[in-house]
Amino acid sequence: MRLILAFLALFTFSTPALADDISAAGRGVVRIVTIAVADDEVVGFGHGSGLAVSPTRILTNAHVVELAARYPGNVVIGVVPSQGDKSVQGKLVAIDPERDLALIEVAGLRLSPLAFYSGPANEGETLYALGYPGNVDLATARSSADFITPTSPVRSQGVFSGRRSLMGTEMLLHTASIARGNSGGPLLDRCGRVLGVNSALTRGDEGDASFAFAIAYAEVAAFLRGAKQPFASVATPCQTMEERLAADRAADETARSASDAQAREATERAREARADALVQARAANAVRRENFMAGAAVALVFGALAIGAAGLLASRSDPRWRYAAAGGGVLMIAAIALFGLRPDFDADAVSASGRSDARTSDAIGPLTCAFVPERSRVTVSTPEPTTLAWGGDGCMNGRTQYAEDGRGGWSRVLVPDGEATVSILDYRPSTRIYTQTRYFLDDARMTEARRLRQGVEIKACTSDAAARANLSGQQSAIRAALPAVPNEKLVYSCKPAE
């Protein structure tokens, strides 16, 4: 037994996976090795595949671990991940021979769980099998140590050929190539969601085509529920990220065109309103101007008459001429003042046409955000409504500082320690749209992202614009290390919390 445990402790580094959905799913696929021992000697050796349904639980075929179920004291189950630096021993926790399913638990290893697709599969749809076919291992293995060395699973591609019943169990018939050793591995759609668990294959004797069987989702779900094992399930039809991004670009262009049209209409309405305001202001000013000028004319006439009367009285030596002269002078001065104070034609016209109603921002403060499936691309997540408390300086929930993205929004890159996923969180106050863009990375890329994250100095919220600018530059370095296309995009529409 000591030799077996030492044997399972051998390790090497795995080859980094490609940055696509199938490779991302490969992070949760494992090789399962069974070693039978009698009298401290290895008397049997077998292997198959499995898929993670939680960070510490693995689903596989019952026939892969049948000996461990029959002889628990004499059979060791080894679990070899697709990446990392170690293999571990597993423990059988549930088995259903009729459905040919089993559940294994591991310690000292955290895997990336796969999600199941609960929707319908269409005949002719492209499918992928992931696993560890024995014929490939036999061709490439140089020693028994290679069977317990972490390495990426083998993928094969085929099409969905229909549903069948095999010994009372619902099966998916497909043409993806599998071999002995693929048993217990996942059958995936093109988004990397699990459609079923590969279990058996037909023989291609005398030129007959070879087909494979995978245990259908309904059977798998029933087994996991019976074992009280939670699992992720997605019903959203598959859409590639390229298709999602293309749809987003088209939607953005449509929205931009509509916004431009609305802006043009608003500008035209403002121009017409300004013209109307100018006409009304000029009409009102014309009336006021005429009143001032009429008043000035009347004062001028009566002032002239008063001065003429003062002259006549003075020629008669009548002392009242002084009063008449003073009154005439006052009227003349009033006439000059009224004429000088008459309104201009455009007075107050600009101010009358430039009035606007100030709008208060409702994008700041507590928000409730609802998931928008038609604008999202989901592969493994189970999106739920979320709540945010947004501050004017890019402070989220009073503890996480976002940086300006240069487009009127705010952004933060999250690189966690306990999950092989990098998330870019974006919030755009103008539309109240909150977006989570997620990248499922292999160990090498995650190690690099975590190294770059060490340079991020801002942990708490700050009102220092220079510090936020520095955060933006540091986040750009992490973004540059990510794949060109993400795996998920979750879009939320937010509104002020009640």
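From the coordinates of this entry, mean projected area of the Cα convex hull in nm² is computed, and it appears in [x] 36.5; [y] 25.4; [z] 32.5 under the label [x].
Accessible area per residue (1.4 Å probe, heavy atoms of protein chains only) ranks Ile336, Ile104, Ile433 as Ile336, Ile433, Ile104, with the largest value leading.
For Val234, the residues whose amide H sits under 5 Å from its own are Phe116, Tyr117, Ser118, ignoring neighbours fewer than 5 places away on the same chain, with H placed 1.01 Å from N. Sites listed here are trypsin sites (Lys or Arg not before Pro) in the stretch 236-322 whose DSSP assignment is loop and whose Cβ has at most 13 other Cβ atoms within 10 Å: Arg316, Arg320.
Here the calculated FRET efficiency for Thr387 and Asp464, from their Cβ-Cβ distance with R0 = 25 Å, stands at 0.40, rounded to the nearest 0.05.
Annotation for Val485 and Leu166: the two label points, set 7 Å from Cα along the Cα-Cβ direction, are 3.1 nm apart.
Taking 17 Å as the straight-line reach from the Cα of Lys91, the lysines in range (excluding those fewer than 8 positions away in the same chain) are Lys228.
Around the Cα centre of the chain, unit charges on the Cβ atoms of Lys, Arg, Asp and Glu (plus for the first two, minus for the last two) sum to a dipole of about 1900 debye.
About its Cα centre, the dipole of the stretch 446-498 is roughly 100 debye, where the only charges are +1 on Lys and Arg Cβ and -1 on Asp and Glu Cβ. Shown for the chain: the carbon plus sulfur share of the solvent-accessible area, taken with all protein chains present and a 1.4 angstrom probe, equals 55%.
Each of Ala246, Gly311, Thr169 was scored by the projection of its Cα onto the charge dipole of the chain, and the greatest displacement toward the positive side belongs to Gly311; charges sit on the C-beta of Lys, Arg, Asp and Glu. Placing unit charges on the Cβ atoms of the charged side chains and taking the dipole of the chain about its Cα centre, the candidate lying farthest along the positive direction among Ala337, His47, Ala325 is Ala325. The listed residues Cys191, Cys461 rank as Cys461, Cys191 when sorted by accessible area, largest first, using a 1.4 Å probe.
Shown here for the stretch 406-498: trypsin sites (Lys or Arg not before Pro) in loop regions (DSSP other than H, G, I, E, B) with at most 13 other Cβ atoms within 10 Å, namely Arg407, Lys459. Here the stretch 15-123 is treated with +1 on each Lys and Arg Cβ and -1 on each Asp and Glu Cβ, and its dipole about the Cα centre works out to around 340 debye. Rolling a 1.4 Å probe over the protein heavy atoms gives the chain an accessible area of 52 Å² per residue. Roughly how many Å is it from the Cα centre of the stretch 420-469 to that of the stretch 383-414, as a whole number? Between the Cα centre of the stretch 420-469 and that of the stretch 383-414, the gap is 10 Å. Over the chain, dividing the summed -39,500 (n - 2.57) contributions of all DSSP H runs of at least 4 residues by the number of residues returns a 222 nm mean residue ellipticity of -11000 deg cm²/dmol.
Which value in nm describes the separation of the simple spin-label points at Ala283 and Glu457, placed 7 Å from the Cα toward the beta carbon? Reported label-point gap for Ala283 and Glu457 is 6.5 nm. Can you find, among Leu201, Thr386, Tyr71, the residue sitting farthest towards the positive end of the charge dipole of the chain, where Lys and Arg contribute +1 and Asp and Glu -1 at Cβ? Looking along the dipole axis, the top candidate is Thr386. At the residue level, His63 shows approximately 80 square angstrom of accessible surface with a 1.4 angstrom probe and all protein chains present. Hey, how much of the P(r) for the stretch 353-462 falls beyond 22 Å, as a percent of Cα pairs? That tail contains 42 percent of the Cα-Cα pairs. Of the GluC sites (Glu not before Pro) found in the stretch 22-130, those in coil by DSSP whose Cβ has at most 13 other Cβ atoms within 10 Å are Glu98, Glu123. Placing pseudo-labels 7 Å out from each Cα toward the beta carbon at Val136 and Asp96 gives an inter-label distance of 2.8 nm.
The values are calculated or read from the model by the stated rules, or taken from the named source; none is laboratory data. Since we're looking at a predicted model, the values are computed, not measured. Every residue, glycine as well, gets a Cβ built from its backbone with ideal geometry; the counts of neighbours run over all protein chains shown. Protein only, heavy atoms only, side chains kept; ligands, DNA and RNA dropped before computing areas. Shrake-Rupley method; radii C 1.70, N 1.55, O 1.52, S 1.80 Å.
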